[in-house]
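Each reported figure results from applying straightforward, stated rules to the coordinates on display, with no laboratory input. On a predicted model such as this, the values are computed, not experimentally measured, just so you know. Positions of Cβ are backbone-derived with ideal geometry, glycine not excepted, and every protein chain shown enters the neighbour counts.
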């Protein structure tokens, strides 16, 4: 289980960097809304991208942990069930430990990430029963959308929320792909 958690953490981060979802999201927002001032100061824009990357990693981690730990899975011939609570807690702990090592975070950074991940999970758990498909012109009700929109462009919050909502859809698809690939590679071979 520790190997699976570590592999998932590594694969999520690598996929996020490889797919360049955050830079594409920020750059397309700047172009679509003619907000070139956001890119005028290179250092500030780089810091903005780092903050958005962290939020994307939070959203990816929350979705991946939800898929791995909470969604029912078939185990042999038995009825599909979610991961046992004790196993899920252990997987979560190993996942976070691996992510901290991989990112080379300080204790403070690790605790901040853990707190924010818990916040994401709590907020998503409250809105889970109300999940429905969104209309194309409707922003998602998700902490990633709200936090990224505020970070990106608080003066045009609704436009930023729509752009963040599109990025969230990409992140959720990426989490599903990584979890599916990770699940295939962690199955025992007979």
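The table below gives the values:
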| quantity | calculated |
| --- | --- |
| Gain upon complete extension [residue 36, residue 70; 0.36 nm per residue less C-alpha separation] | 8.1 nm |
| For peptides 140-146, 45-51, sequence by mean Cβ density within 10 Å, most packed first | 140-146, 45-51 |
| Theoretical FRET efficiency, 1/(1+(r/R0)^6), r = Cβ-Cβ of residue 154 and residue 93, R0 41 Å, to 0.05 | 0.70 |
